[in-house]
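Down below is the structure, laid out as structure tokens.
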Amino acid sequence: MATASKAARPDAPFRVGEHVARRVGFDAAAIRRFATLSGDMNPLHHDDRAAAAGPFGTLIASGPHVAALMMGLDATFFSERNEALGLGFEFRFVKAVPAGAVLTLEWVVSDVTWKASLSGHVVGVEGRAVDDEGTVYLTATGRNLVRARRVESRAAKPHAAKPRGTKPHAAKPRATKRGSDRA
């Protein structure tokens with residue numbers, strides 16, 4: 001990186017070495033569903049006969065499928081107690097992920113740097129998707145902007161149970177002035 005930066009401040013939200021992991025199964029239905037939703041019509045993700053005759057002998061997950069799950073894990077980890085935005089990721093697809101595979105997706109914090117111009121810490125991560133035998137299917141690096149949470153998110157805290165017999169309160173629409181872009 002060409003810009004100068006300062007080391008992490010004492011109040012840094014994460015420390016080098018912190019990690020998160022999640023186990024994920026890649027069954028044929030999930031492989032087909034993700035490929036369809038992402039517009040990837042490669043027969044290796046949909047057609048059992050074509051996949052069986054292909055180079056891997058079975059259906060395989062698309063690269064974006066594995067990468068999306070990795071990015072989702074990263075986003076959830078950093079946003080659980082902070083405001084977080086992904087700044088960029090790089091993935092290397094080492095081995096095709098076959099239908100039926102169960103992998104551990106993991107990220108490790110590799111760098112934490114205060115960036116005054118962004119009013120937060122840039123947190124670097126290194127990740128991989130690996131099976132129980134230690135076979136690596138994907139490696140990755142990423143950078144995240146992490147700041148102290150300014151407003152408590154509804155998603156960040158459990159919803160309180162409502163007493164029986166009560167109706168949810170409906171918010172009244174706010175009036176807006178014509179020609180104004182304020183809500």
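The values are calculated or read from the model by the stated rules, or taken from the named source; none is laboratory data. If you're wondering where the values come from, they're calculated on a predicted model, not measured in any experiment. No Cβ is skipped: glycine too gets one built from the backbone with ideal geometry, and neighbour counts run over all protein chains shown.
Quick notes on this one:
- The number of residues in the stretch 52-80 being of a type in the set (D, E, K, R) and part of a helix (DSSP H, G or I) comes to 1.
- Candidates are the residues of the stretch 61-85 that are crowded, with 22+ Cβ neighbours inside 10 Å and in contact with a Gly (Cβ under 8 Å, 6 or more places away or on another chain); the one that is nearest to His19 (Cα to Cα) is Asp74.
- Filter result (touching an Asp or Glu at 6+ places or on another chain (Cβ under 8 Å) and either part of a loop (DSSP other than H, G, I, E, B) or over 27 Å from Leu145 (Cβ atoms) (or both)) within the stretch 1-33: Val16, Ala28
- Top-ranked residue in the stretch 16-42 [being among the aliphatic types (A, V, I, L, M) and surrounded by fewer than 13 Cβ atoms within 10 Å (Cβ to Cβ); ranked as nearest to Phe78 (Cα to Cα)]: Leu37
- Matching residues in the stretch 81-101 - criterion: being assigned to a strand (DSSP E or B), closer than 17 Å to Ala68 by Cα and of a type outside the set (Gly, Ala, Ser): Leu85, Leu87, Phe89, Glu90, Phe91, Arg92, Phe93, Pro98
- Being out of contact with any Gly (no Cβ under 8 Å at 6 or more places or on another chain), loosely packed, with under 13 Cβ neighbours inside 10 Å and over 18 Å from Val123 (Cβ atoms) is a property that holds for Pro55.
- Out of Ala99, Ala140, sole residue that is closer than 30 Å to Ala52 by Cβ, buried (at least 18 other Cβ atoms within 10 Å of the Cβ), at pLDDT 95 or above and under 19 Å from the mean Cα position of the chain (by Cα): Ala140
- Residues of the stretch 88-118 classified as touching a helix residue (DSSP H, G or I) at 6+ places or on another chain (Cβ under 9 Å) and farther than 22 Å from Arg33 by Cα, total: 3
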